[in-house]
Amino acid sequence: MFKVLTNGCETTRGSKYSAAVDLFASKDCIIAAGETKIIGLGVRIDLDVLYRSWYNSDDQGSWRNFLNSHYLELHPRSSLRAKGLISNTGIIDLDYDDEIKIIIHNPLTVADFGENEVGRIDKSPAVFDVYKIKKGDKIAQILLKEHKSYLFGIESNEERTGGFGSTGE
């Protein structure tokens, strides 16, 4: 279902009963205190692979129904939250055709010096706490989920042209 991009890693499942697959940072990134970063995960949706593996070419109606009733739900790994980083759930429509990315925020500030040791690179007050993410670090997980938004009775013929607010703010 995913195409691995040049700097990406293959998706993995942590265990045989994992509901989600793990995604990895596609490059090194430093998130300083108070910063928010958008981090690429090195994969994009590959609907051709999904179509070939689940549906035969005679079943166009079933394929359209699938596209109209499923989405991907992106979550940060709980290990990031345990380290104090913040990221909310992301909804990725199946017509999104770019690299999947996650938004991560480091809520630490200069006033946080003392108790919190998350990613500390120096204990002097002149240096902000930072969190380092390395290329290949497991930072997100993604689920394929079903929805019933088509029941709202609201239709659109608009083609997707991007991500992160591309369908309106």
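Restricting attention to segment 122-134, does a residue exist that is within 20 Å of Thr6 (Cα to Cα), part of a loop (DSSP other than H, G, I, E, B) and either at pLDDT below 90 or out of contact with any Lys or Arg (no Cβ under 7 Å at 6 or more places or on another chain) (or both)? Break it down into steps so the answer makes sense when it comes.
Let us first name the residues in segment 122-134 that are within 20 Å of Thr6 (Cα to Cα), namely 133-134.
Cutting the leftovers down to part of a loop (DSSP other than H, G, I, E, B) gives us 134.
With the extra rule that they be either at pLDDT below 90 or out of contact with any Lys or Arg (no Cβ under 7 Å at 6 or more places or on another chain) (or both), the set shrinks to 134.
Yes, there is a match, as at least one residue in segment 122-134 is within 20 Å of Thr6 (Cα to Cα), part of a loop (DSSP other than H, G, I, E, B) and either at pLDDT below 90 or out of contact with any Lys or Arg (no Cβ under 7 Å at 6 or more places or on another chain) (or both).
Taking segment 65-89 as the search range and keeping residues that are of a type in the set (A, V, I, L, M, F, W, C) and exposed (fewer than 14 other Cβ atoms within 10 Å of the Cβ), which one is modelled with the highest pLDDT?
Here is the first cut: in segment 65-89, the ones of a type in the set (A, V, I, L, M, F, W, C) are 66-67, 72, 74, 80, 82, 85-86.
Checking the rest, the ones that are also exposed (fewer than 14 other Cβ atoms within 10 Å of the Cβ) come to 82, 86.
Working: Ala82: 83, Ile86: 90.
So the residue we want is Ile86.
When segment 22-36 is examined, which residues are found to be surrounded by 18 or more Cβ atoms within 10 Å (Cβ to Cβ) and either without any contact (Cβ under 8 Å) to a residue 40 or more places away in the chain or touching a strand residue (DSSP E or B) at 6+ places or on another chain (Cβ under 6 Å) (or both)?
If we filter segment 22-36 for residues that are surrounded by 18 or more Cβ atoms within 10 Å (Cβ to Cβ), which is where we start, we get 22-26, 29, 31, 33.
Result: Asp22, Leu23, Phe24, Ala25, Ser26, Cys29, Ile31.
The values are calculated or read from the model by the stated rules, or taken from the named source; none is laboratory data. Since the model is a prediction, treat every value here as computed from it, not as a measurement. Glycine gets a Cβ as well: all are built from the backbone with ideal geometry, and neighbour counts include every protein chain shown.
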